[in-house]
Amino acid sequence: MNRTTRLAGFVALVAFSTPAIAEPIHAILYKNPQCSCCEKYAAYLRHNGFDVEVKPTNDLAEISSKAGVPERMEGCHTMFINGYVIDGHVPVDIVRKLLSEKPAIAGITLPGMPSGSPGMVGAKTEKFVIYAVTKDGNAPTVYAAE
Amino acid sequence: MNTESNTRVSRRSLLQAGASLALIRALRSRPVRADVPNGYRIVAAPTRASLAGLGNPQTEVWAYNGTVPGPVVHLRQGEPARIVIENRLEQDTTVHWHGIRLPNAMDGVPGLTQPPIKPGESFTYALTPPDAGSFWYHSHANSLEQLGRGLAGAVVVEERVPVAVDRDILWFLADWRLTSEAHIASGFGNQMEAAMSGRVGNAVTLNGMVSEEEPVRAGERIRLRLVNGSLARIMALRFEGHRPVIVAIDGQPCEPHEPEGGRLLLGPAMRIDVVLDMQGEPGRRYRVIDDFYDGLSYWLTQLAYGEKPPLRRHPLDAPLNLPRNPSPDPDLVTAERHELTLQGGMMGGGTMIGMGGMMGGGMMGMGGGAAWAINGMSMIGDGHAGMEPALTFQRGRSVVLSLRNQTAWWHPMHFHGHSFRVLTRNSAPVPHRQWQDTVLMAPRDTVEVAFVADNPGDWMLHCHVMDHQVSGLMTVLRVA
């Protein structure tokens, strides 16, 4: 079993198990085993009604790159919901927007670890720009800003 | 071995599912000793290696003398040695003799201590190892990729009087990031990783192959030399059913002691010599477990006892102390004291003036430059001409360095050309007379080390997580 098959398995599992309305949305969040801010982001999503499964991994770079996130656009953790990749500390309203609009993209990313973003310490000092990423090699486009 | 190997894959897969790429190995003999004492000729060149074990796809690697790890270089304490390195790679290289106290011109840092060895050229390293013990050699040019593709091997400097053990065994441990086709994954220098824990891989090899088991005999006493040749993987090894006694760290003998909690903490570039009295049952297997990373525990290998009756009824009575090496003792009363603060990385909390861990919505390292710094200064790469020393010591002075890790990450800090005594960790005295050349620092740790600046030249001090070194966690100290 390798990462690709494992990952494909997870994506398929999530895609075919459409949750009933009352059930929380299931998310799998891959994180560096030594990064603590990712846990805080998971807690933030749980507080907002998501069911977050956290999986430590040393293969984060491979996982996010295979999911379509360019290296320079990586956040510090990589999450999968309903077949979409959601990278970094993306605010929950934008996650919900993605899940309801269902655009034909691989997913979204908030690059880096911006101060004041969900799960991060510090004050918000600038606009968070969330990018849409695809797997066809096209340049990322702005999906939302907050 | 091949048929056995096939049945092992599935079991190992189950055990390691979710943790790392499932790979196996077949037994492999140790590299043989050269005919000429203290004389070696080593060629660095691309080749293929069976990291996953015989019968599995081979991996394209860069290797010394065609093997991964390279041949064990056996030297004798106090005797001159000449090692010719021939570069048959398509890029410059150098070799660093990690932990060996040697003349500065033989230290193998490109630009700083020697011109790089160009493709097709050779360089002769001439050195006389003053210390017996376990050391290693590795590329110090484009080192993230060259070490990551296999350019490393062990150096064993033998004591003048042999140590009383039944067997002297070396485990060269290396960590690889392999694709599902057993290729080395590209993506060296990923900036996110550089600012986190570095390029930790997914397959750990023991003497060049993923290991299913290592044969042992009941009753024997083994000196086991552990070398962590990984780019970034920190290991915490536990030996099920056994009580390893640490007798040397980084080649330097210490007072024999059992590690805290039975866990051997082995950062990248560190070596630990343990003595193991094999008191297990004939025919049984005992796992060697690495559980450093939370939730990512795996077993490295198994100690596989043969069916033969115990070699002896009770453990050997011989003392465990190794003869001391001639490192000069620093004079702590007259020593000059300096502080070196490690800064930067993810979750750095903005502790660096002008280049905080988070800044302007981005972070250090994401712009393609430095992710780390020492005392506010980032030296990046593998070494180059014109690196200004952060500190200059008068030759012969005793020096105490206080290393302060302000970052949220672990760092194995390596000092070239000297061994230092580890005095304190977070103000608590460090017991067992520990001399090291690489000290592993946990997040927020402060460690005091001391040494006599007796080796003239410009010496690098850097983190041995390769991604950290090349992205700023490096400085130069001068002994004038």
Every residue from the range B:278-295 that is over 21 Å from the mean Cα position of the chain (by Cα), farther than 18 Å from B:R167 by Cα and modelled with pLDDT of 95 or more: B:E281, B:G283, B:R284, B:R285, B:Y286, B:R287
Against the definition (farther than 30 Å from B:G198 by Cα, among the aliphatic types (A, V, I, L, M) and either outside the structural domain of B:H468 (by TED's automatic domain parsing) or at pLDDT 95 or above (or both)), how does B:A304 come out, yes or no? yes
Subset tally (residues that are within 28 Å of B:G344 (Cβ to Cβ) and either of a type in the set (A, V, I, L, M) or not assigned by TED's automatic domain parsing to the domain that holds B:W176 (or both)) for the range B:188-226: 6
Just wondering, is there one or more residues in the range B:188-206 that are touching a Pro at 6+ places or on another chain (Cβ under 7 Å), within 14 Å of another protein chain (Cβ to nearest Cβ) and surrounded by 21 or more Cβ atoms within 10 Å (Cβ to Cβ)? no
Quick count over the range A:96-143, residues being among the hydrophobic types (A, V, I, L, M, F, W, C) and within 14 Å of chain B (Cβ to nearest Cβ), is 8
Positions within the range B:89-102 being touching a Pro at 6+ places or on another chain (Cβ under 7 Å) and either modelled with pLDDT under 95 or of a type outside the set (A, V, I, L, M, F, W, C) (or both), in sequence order: B:E90, B:Q91, B:D92, B:T93, B:T94, B:R101
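Residue-by-condition table, conditions (1) aromatic (F, W, Y); (2) surrounded by 19 or more Cβ atoms within 10 Å (Cβ to Cβ); (3) on the phi > 0 side of the Ramachandran plot; (4) within 22 Å of the chain's Cα centre (by Cα):
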site	(1), (2), (3), (4)
B:A44	no, yes, no, yes
B:W62	yes, yes, no, yes
B:V72	no, yes, no, yes
B:P80	no, no, no, no
B:Q91	no, no, no, no
B:P115	no, no, no, no
Can you name the condition, by its number, that A:T141 falls short on among (1) in contact with a strand residue (DSSP E or B) (Cβ under 6 Å, 6 or more places away or on another chain); (2) buried (at least 18 other Cβ atoms within 10 Å of the Cβ)? (2)
Please go through the range B:247-275 and give me each residue that is farther than 15 Å from B:V288 by Cβ and in a strand (DSSP E or B), ordered by number. B:V247, B:A248, B:I249, B:Q252, B:P253, B:C254, B:E255, B:P256, B:H257, B:R271, B:D273, B:V275
Only one of B:R238, B:R233, B:R287 that is basic (K, R) and either over 28 Å from A:P33 (Cα atoms) or part of a loop (DSSP other than H, G, I, E, B) (or both): B:R233
Say whether the condition of being under 30 Å from B:N142 (Cα atoms), at pLDDT 50 or above and outside any strand (DSSP E or B) is met by at least one residue in the range B:30-49. yes
Candidate set: the range A:108-146, residues that are aliphatic (A, V, I, L, M) and part of a loop (DSSP other than H, G, I, E, B); chosen: the one nearest to A:G83 (Cα to Cα): A:L110
What number of residues within the range A:32-63 satisfy the criterion of being farther than 13 Å from A:P118 by Cα and more than 8 Å from chain B (Cβ to nearest Cβ)? 7
If we ask which residues in the range B:433-480 are surrounded by fewer than 21 Cβ atoms within 10 Å (Cβ to Cβ), in contact with a Gly (Cβ under 9 Å, 6 or more places away or on another chain) and of a type in the set (D, E, K, R), their number turns out to be 2
Regarding A:G116, is this residue small (G, A, S) and either in contact (Cβ under 8 Å) with a residue 12 or more places away in the chain or touching a strand residue (DSSP E or B) at 6+ places or on another chain (Cβ under 6 Å) (or both)? no
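The values are calculated or read from the model by the stated rules, or taken from the named source; none is laboratory data. Please read these numbers as outputs of a predicted model, since none were measured by experiment. Because the Cβ atoms are built from the backbone with ideal geometry, glycine has one as well, and the counts that use them run over all protein chains shown.
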